[in-house]
Each structure stands twice: as structure tokens, then as C-alpha cells.
1. Hey, among the residues in the range 1-30 that are within 8 Å of the chain's Cα centre (by Cα) and of a type outside the set (S, T, Y), which one's nearest to Q68 (Cα to Cα)?
2. Would you check which residues across the range 31-56 are closer than 30 Å to A67 by Cα and among the aliphatic types (A, V, I, L, M) and list them?
3. Starting from the range 55-76, take each residue that is touching a residue at least 24 places away in the same chain (Cβ under 8 Å) and list its partners that are of a type in the set (D, E) and open to solvent by 70 Å² or more (accessible area, probe 1.4 Å), counting only C-beta distances under 8 angstrom and pairs at least six apart or across chains.
4. Test of understanding: among A67, A45, A72, A29, which residue is part of a helix (DSSP H, G or I) and either basic (K, R) or modelled with pLDDT of 95 or more (or both)?
5. Could you tell me which numbered condition A20 fails, if it satisfies all but one of (1) open to solvent by less than 50 Å² (accessible area, probe 1.4 Å); (2) farther than 30 Å from L6 by Cβ; (3) of a type in the set (A, V, I, L, M, F, W, C)?
6. Across the range 47-70, which residue is nearest to G10 (Cα to Cα) among those that are among the aliphatic types (A, V, I, L, M) and under 12 Å from the mean Cα position of the chain (by Cα)?
7. Which ones in the range 23-49 are open to solvent by less than 80 Å² (accessible area, probe 1.4 Å) and among the charged types (D, E, K, R)?
Amino acid sequence: MIVKMLHDKGLRSEHAYTVACLTIGLSIASWATSMKVEPAGIDRADRWGIFTATWPATWFGLGLALAQYEDAEVLHKEV
């Protein structure tokens, strides 16, 4: 139901995959920035990196769900 709604709003699997790849870079950037900017040290930087590192899996999963929905939609149109 959520996947259908997102698809109807214009979100496609390619979009979700792109965001997933970008969030990998964001995770590395947030870790590196936290290391240099915050005085809290490596512990805080590691927490930021781990926090943002959970996002790619979510976006890849959403991309897979959208891809399956798109494949099923194509099958129903052909039959």
C-alpha cells in the first residue's frame, strides 16, 4: 500500500537506488566532518557515521520494493 502510494506520487526504484548511494557518501562525510569539527573526538564521529550508515539499507530496500511493484505492473499490462 505504501509502495503503491509512493509509486503513484512519482517515486521510482531508480530514485531510491540513487538516494541509497548518496547516503553512503553522506555517512562518510558526516563521520569525517564530525572528526574535524566537533571536539568530542572519535566516539561522536563514529556515532554519526553509524547513524547515517543505516539509511542506505532502508533506501535499497525501498528500491527493491518499488522494482517489484514496477515489474508486477508491467506484467499486468501485458496480460
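1. Quick first cut of the range 1-30, residues within 8 Å of the chain's Cα centre (by Cα) only: 16-23.
Those still in the list that are of a type outside the set (S, T, Y) too: 16, 19-22.
Working: A16: 13, V19: 18, A20: 17, C21: 19, L22: 22 Å.
The selected residue is A16.
2. I50, A53
3. Here the result reads G63/E14, each pair linking the range 55-76 to a residue that is of a type in the set (D, E) and open to solvent by 70 Å² or more (accessible area, probe 1.4 Å).
4. Step by step, each of A67, A45, A72, A29 is checked, and only A67 is part of a helix (DSSP H, G or I) and either basic (K, R) or modelled with pLDDT of 95 or more (or both).
5. In the conditions (1) open to solvent by less than 50 Å² (accessible area, probe 1.4 Å); (2) farther than 30 Å from L6 by Cβ; (3) of a type in the set (A, V, I, L, M, F, W, C), A20 misses (2) alone.
6. Going residue by residue through the range 47-70, those that are among the aliphatic types (A, V, I, L, M) are 50, 53, 57, 62, 64-67.
Restricting the remaining residues to those that are under 12 Å from the mean Cα position of the chain (by Cα) gives 53, 57, 62, 64.
On the way: A53: 26, A57: 21, L62: 14, L64: 16 Å.
Ranking the qualifying residues of the range 47-70, first place goes to L62.
7. Across the range 23-49, the qualifying residues are E38, D46.
The values are calculated or read from the model by the stated rules, or taken from the named source; none is laboratory data. Keep in mind that this is a model prediction, so the values were computed, not measured. No Cβ is skipped: glycine too gets one built from the backbone with ideal geometry, and neighbour counts run over all protein chains shown. In case anyone asks, the SASA skips ligands and DNA or RNA and just uses the protein heavy atoms, side chains included. Shrake-Rupley method; radii C 1.70, N 1.55, O 1.52, S 1.80 Å.
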